[in-house]
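Trainee: The structure follows.
What follows is calculated from the coordinates using simple rules that are stated; it is not laboratory data. Worth saying up front: this structure is predicted, and the values here are computed from it rather than measured. Cβ coordinates were reconstructed from backbone atoms using ideal geometry, including for glycine residues, and neighbour counts include every protein chain displayed.
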Amino acid sequence: MPIVDLSDQPVTATAYGRWQALNAPLGVTAFGINAIVCDPGEEIDTHHDETDSGQHEVYIVVAGRIEFQLGDEVREVGPGAIVAAPDPATPRGFRAVEPGTRVVCVGAVPAADVPAFGEWIGQAAS
């Protein structure tokens, strides 16, 4: 059973922030999953869009507080918040507003035959 404790995962510093690669340790290949560790005032470039890749992205805040910008909308969120960027053309970016902020980032391009993720929940409630 692959389990990753983020506090034990190696952190790699890049021009785009301090990242933790999670696909290999989790054994997942159907989508990209990484975590970023950031602090207020860090000079990192997270602003981008996914027009070229067509990728949808989801950001899960697991520690600290972060300010997300999606298009013209800006929101500050904390642990437990999940932010979606389903439109690849929407510019997005974020910055930490609290020390020790960690965000898990998940992304993938839409598949031709998308399973009905989550539909079973409504059906099971019947």
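Trainee: For region 96-103, does any single residue satisfy the condition of being touching a residue at least 40 places away in the same chain (Cβ under 8 Å), closer than 23 Å to D5 by Cα and out of contact with any strand residue (DSSP E or B) (no Cβ under 7 Å at 6 or more places or on another chain)?
Mentor: Checked region 96-103: at least one residue is touching a residue at least 40 places away in the same chain (Cβ under 8 Å), closer than 23 Å to D5 by Cα and out of contact with any strand residue (DSSP E or B) (no Cβ under 7 Å at 6 or more places or on another chain).
Trainee: Now a separate question. Does V109 satisfy the condition of being surrounded by 12 or more Cβ atoms within 10 Å (Cβ to Cβ), of a type in the set (A, V, I, L, M), touching a Gly at 6+ places or on another chain (Cβ under 9 Å) and touching a residue at least 60 places away in the same chain (Cβ under 8 Å)? Spell out how you get there, then give the answer.
Mentor: Details: surrounded by 12 or more Cβ atoms within 10 Å (Cβ to Cβ): yes; of a type in the set (A, V, I, L, M): yes; touching a Gly at 6+ places or on another chain (Cβ under 9 Å): yes; touching a residue at least 60 places away in the same chain (Cβ under 8 Å): no.
Considered against the rule, which asks whether it is surrounded by 12 or more Cβ atoms within 10 Å (Cβ to Cβ), of a type in the set (A, V, I, L, M), touching a Gly at 6+ places or on another chain (Cβ under 9 Å) and touching a residue at least 60 places away in the same chain (Cβ under 8 Å), V109 comes out as no.
Trainee: Related question: Go through region 44-66 and give me each residue that's under 13 Å from V97 (Cα atoms) and more than 13 Å from the chain's Cα centre (by Cα). Give the steps one after another, and end with the answer.
Mentor: If we filter region 44-66 for residues that are under 13 Å from V97 (Cα atoms), which is where we start, we get 61, 63-66.
Matches in region 44-66: G64, R65.
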